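Got a structure here, written out as structure tokens. Questions coming.
The values are calculated or read from the model by the stated rules, or taken from the named source; none is laboratory data. Predicted model only: the values in this text are computed from it and were never measured. For neighbour counting, all protein chains shown are included, and Cβ atoms are generated from backbone atoms with ideal geometry for every residue, glycine included.
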Amino acid sequence: MQKIESRFAACHPAVSFVFFLIAIGGCMFFQHPAYLLASVLGAATLLLTEKGSQAVPVLLGMIPLFLLLTGINPLFNHYGKRVLFTVFGNPYTLEALLYGMVIGGMLVGALLWFACYSAVMTSDKFTWLFGNLIPALSLILVMVLRLIPAYRRKTSQISGARRCIGKAPGATESWKEKAVYSVSTLSALTTWALEGAIVAADSMRSRGYGTAKRTGFLSYSWRTSEAGMGAFGLILFGITLWGASLGWTKASFTPVLEIAPITGIHALGILAYALCLLIPTFVNLWEETKWKFLRSKI
């Protein structure tokens, strides 16, 4: 059964797109541990409300990736004064370990936000937003975003067809025969991709693509609640940027460990940032709670 679209995914595409710009940009530029933690938690909770149980394997898979990046950074970077122990004669420092956590948090946060983006911002919404402004670039981006899943499905079909006609290598085959099989599959996939590109180009040219203003089969209109939600999010992010200009998000790991506190007036910045990133989660949870309440009254 197909999952019903969440409340945040049903919002105006402009609201969703601006939110993801803020979330992904903040995850990449704020190196303060507290801000990174807020970003990862915001992405994780949103992914759970969008994907449900399907998000659990993704979240669990991020844990070893984070631990790997955290632990491996001090092995190659030996800066810092607080030496925890030595590995092969090289110092394993606290500063390098903390910076490894920051690197891991930034990568995990970015991956989770992009996973949320793919769940909310479909290619139809992206085309609706930018189809008239940048039609060629919009089309290219939509086609690129669908390449990986399309190629994966086609590779599975090619492999299945070759197995049916007895062309698949067995478990006892040599690595050379398996390599030849892989090259043959890749050749068939490349031929299919090139042929599909030519057919798509001819089809678009015959339909008059780019000769007139682009229209879409979907129509989105602004609602008061969505405009208010977007304005509230921009205000919260504005407070975050104001705090960043005052040094509230400062975090330095070399040559001296220096992290801005999150107490006192500094707490206003992290609170505004966390609330901004949690807006979609609150919206989805509120809609889900209201739906369950109304069903219970039937």
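If the Cβ limit is 7 Å and pairs must be 6+ apart or interchain, which residue in the stretch 19-42 that is without any contact (Cβ under 8 Å) to a residue 40 or more places away in the chain pairs with which residue that is surrounded by fewer than 19 Cβ atoms within 10 Å (Cβ to Cβ)?
Listed by first residue and then by second, the contacts come to nothing, as the list is empty.
Exactly one condition in (1) in contact (Cβ under 8 Å) with a residue 12 or more places away in the chain; (2) among the hydroxyl-bearing types (Ser, Thr, Tyr); (3) under 18 Å from Leu285 (Cα atoms) is false for Thr70; which is it?
(3)
Then there is this: Run down Val144, Val183 and say which single residue is modelled with pLDDT under 80 and either hydroxyl-bearing (Ser, Thr, Tyr) or assigned to a helix (DSSP H, G or I) (or both).
Just one listed residue meets the conditions, Val144.
Only residues that are more than 17 Å from the chain's Cα centre (by Cα), assigned to a helix (DSSP H, G or I) and not hydrophobic (A, V, I, L, M, F, W, C): list them for the stretch 64-123, please. Walk me through how you get there before you give the answer.
First, pick out the residues of the stretch 64-123 that are more than 17 Å from the chain's Cα centre (by Cα): 64, 67-102.
From the residues that got through so far, the ones that are assigned to a helix (DSSP H, G or I) too are 64, 67-76, 94-102.
Within the stretch 64-123, Pro64, Thr70, Gly71, Asn73, Pro74, Glu95, Tyr99, Gly100 meet the criteria.
Conditions: (1) touching a residue at least 12 places away in the same chain (Cβ under 8 Å); (2) more than 30 Å from Phe253 (Cα to Cα). Leu107 meets all but one. Number of the miss?
Only one criterion is unmet by Leu107, namely (2).
List the residue pairs whose Cβ atoms are under 8 Å apart, where the first residue sits in the stretch 179-199 and is under 15 Å from Gly160 (Cα atoms), the second is among the hydrophobic types (A, V, I, L, M, F, W, C) and part of a helix (DSSP H, G or I), and the two are 6 or more positions apart or on different chains.
Every condition considered, the pairs that remain are Thr185/Ile158; Ala188/Ile158; Leu189/Ile158.
Continuing with this model, one more query. For the stretch 251-270, does any single residue satisfy the condition of being within 21 Å of Phe17 (Cβ to Cβ) and among the hydroxyl-bearing types (Ser, Thr, Tyr)?
So far as the stretch 251-270 goes, no, none of its residues is within 21 Å of Phe17 (Cβ to Cβ) and among the hydroxyl-bearing types (Ser, Thr, Tyr).
Filter the stretch 189-201 for residues that are within 16 Å of Arg152 (Cα to Cα) and of a type in the set (Gly, Ala, Ser); which is surrounded by the most Cβ atoms within 10 Å (Cβ to Cβ)?
Ala193
Report whether or not Leu241 is modelled with pLDDT of 85 or more, closer than 18 Å to Ser16 by Cβ and part of a helix (DSSP H, G or I).
Values: modelled with pLDDT of 85 or more: yes; closer than 18 Å to Ser16 by Cβ: no; part of a helix (DSSP H, G or I): yes.
No: the conditions fail for Leu241.
Then there's this: Output the number of the condition that Ile262 fails; it satisfies all remaining conditions of (1) modelled with pLDDT of 85 or more; (2) assigned to a helix (DSSP H, G or I).
Checking Ile262 against (1) modelled with pLDDT of 85 or more; (2) assigned to a helix (DSSP H, G or I), the one that fails is (2).
What is the one condition in (1) free of Cβ contacts under 8 Å to residues at least 60 places away in the same chain; (2) under 19 Å from Ala274 (Cα atoms) that Gln54 does not satisfy?
(2)
Condition check: among the hydrophobic types (A, V, I, L, M, F, W, C), under 29 Å from Trp222 (Cα atoms) and outside any helix (DSSP H, G or I). Does Cys11 satisfy that?
When the stated conditions are applied, Cys11 passes them.
Here is a yes/no grid of residues against (1) loosely packed, with under 15 Cβ neighbours inside 10 Å; (2) at pLDDT 80 or above:
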{"position": "Tyr92", "(1), (2)": "no, yes"}
{"position": "Trp113", "(1), (2)": "no, yes"}
{"position": "Val120", "(1), (2)": "no, yes"}
{"position": "Ile140", "(1), (2)": "yes, no"}
{"position": "Ser187", "(1), (2)": "yes, yes"}
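In the stretch 246-256, is there at least one residue being part of a helix (DSSP H, G or I), more than 23 Å from Met101 (Cα to Cα) and modelled with pLDDT of 90 or more? Step through it out loud before you land on a result.
Filtering the stretch 246-256 down to residues part of a helix (DSSP H, G or I) leaves none.
Among the residues of the stretch 246-256, not one is part of a helix (DSSP H, G or I), more than 23 Å from Met101 (Cα to Cα) and modelled with pLDDT of 90 or more, which makes the answer no.
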